[in-house]
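The values are calculated or read from the model by the stated rules, or taken from the named source; none is laboratory data. What you see is a predicted model, and the numbers here were worked out from it, not measured in a lab. Every residue, glycine as well, gets a Cβ built from its backbone with ideal geometry; the counts of neighbours run over all protein chains shown. Just the protein is used for accessible areas: all its heavy atoms, side chains included, with ligands, DNA and RNA removed. Shrake-Rupley method; radii C 1.70, N 1.55, O 1.52, S 1.80 Å.
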Amino acid sequence: RTLLHVPRLTEDGSLHRATSTSARVRGGEAEVVHREERALLDSDLSPAEYWDAAVRAKKRKELRRQANRLAEQGAVRFRRWQAGEAIEPWITAFLDLEARGWKGRAGSALASHSGTQAWFRAILAGAAEAGRLDMRALDLDERPLAMLINFLVPPGGFSFKTAFDEDYARFSPGVLLQQANLDLLDDPAIAWVDSCAAPGHPMIDSVWRERRALVWVNAALAAAADRLRFAMLTKIELLWRRWKAPTATEDDVESPS
């Protein structure tokens, strides 16, 4: 084989450094062929301080207005799953909420296929049992308008899934829930949370200010012929990625306010 291709390594993280070192030891080299940045929550600020620093004043005012208008529609409540609480009602509520949106219409919702639904139920049940699940909801009259799922694995965490009711997009329920989600900054066991979102995601990028850089690395094998083929293939891949020019996704993004 000519090269080892390793995608989505944290830039300058332990695996990235180990890959580069291993390639050099074997007489080859490792080259970054693609780089992306995605939203990360990593701050010593309090939730309130972070919100004020991350979100511009005009947007904060608009979100307060939306929260007040939403409260006029009924009883608004933020909930967080607690250890010992039954997890199945939360899972079912999330599947139903996601399926009512564009993913359901496109046939890409978790509930659209029995296999993905079973997988989702299994991993959330496992995370709950392991004490790694952080699941939240914003309710209106006991009905979820937005839900999100984090996996917390100290010292960090990973944002897994979000969903919101598109009929209430004008109230930005997903953003209001993300504001409540900032209480992760008060958790002494959690130093950072990776959004796991696409680069340039319009919603989470406007709330979480920090960025995690990910790199795709090609590592050449030791033989001289391998290194020549490596150089040629790497150049081709770089040209292809520039031509492809990845674009931001609007997955799970509410209408602009």
Q: Quote to one decimal, in nm, the extra length available between D12 and F78 on full extension: 0.36 nm per residue of separation minus the C-alpha distance between them.
A: 20.0 nm
Q.
Computed from the coordinates I sent, Cα extents along the principal axes in Å equals one of (1) 57, 44, 35; (2) 70, 43, 37; (3) 57, 46, 40. Tell me the label.
A. (2)
Q) Counting only residues 5 or more places away or on other chains, whose amide H sits under 5 Å from the amide H of H34 once H atoms are built in the peptide plane? A) W216
Q.
Not counting ligands, DNA or RNA, and with a 1.4 Å probe, what is D42's accessible surface area in Å² rounded to the nearest 10?
A. 70
**Q.** Amide H within-cut-off set for K161, under 5 Å, with H built and near neighbours excluded
**A.** I149
Q: Once you have the Cα-Cα distance between A122 and D167, take 0.36 nm times their residue separation minus that, and quote the gain in nm to one decimal.
A: 13.3 nm
Q. Relative contact order for the chain using alpha-carbon pairs under 8 Å, separation at least 6, rounded to a whole percent?
A. 37
Q. In degrees between 0 and 90, to the nearest 10, how far off the longest principal axis of the chain does helix 88-99 point, with axes built from Cα atoms?
A. 80
Q: With springs only between Cα atoms under 10 Å apart, run a GNM on the chain and tell me which of R79, R209, R24 wobbles the most.
A: R24
**Q.** Dipole magnitude (debye, nearest 20) for the chain, charges at Cβ of Lys, Arg, Asp, Glu
**A.** 980
Q.
Averaging the inverse of every distinct alpha carbon separation and then flipping it gives the Kirkwood radius. What is it for region 1-114, in angstrom units?
A. 20.1
Q.
Can you compute the FRET efficiency between K59 and R211 using 1/(1 + (r/R0)^6), with r the Cβ-Cβ distance and R0 = 25 Å? Round to the nearest 0.05.
A. 0.80
Q. Mind checking which lysines have their C-alpha under 25 Å from K235, skipping anything on the same chain fewer than 8 residues away?
A. K244
(Q) Considering only C-alpha atoms, what is the centroid distance from region 115-140 to region 1-58, in Å? (A) 27
(Q) Just to be sure I understand: with springs between alpha-carbon atoms less than 10 Å apart, which residue in L145, L177, L45 has the highest mean-square fluctuation in the Gaussian network model of the chain? (A) L45
Q. For T92, what accessible area in Å² do you get when you roll a 1.4 Å probe over the heavy atoms of the protein chains, rounding to the nearest 10?
A. 50
**Q.** Loop-located chymotrypsin sites (Phe, Trp or Tyr not before Pro) in region 40-103, at most 12 other Cβ atoms within 10 Å (DSSP)
**A.** none
Q) Using a 1.4 angstrom probe with every protein chain in place, what is the largest-first accessible-area order of K161, K58, K235? A) K58, K235, K161
Q: Could you pull out every one of the lysines with an alpha carbon less than 23 Å from that of K103, ignoring same-chain neighbours closer than 8 positions?
A: K161
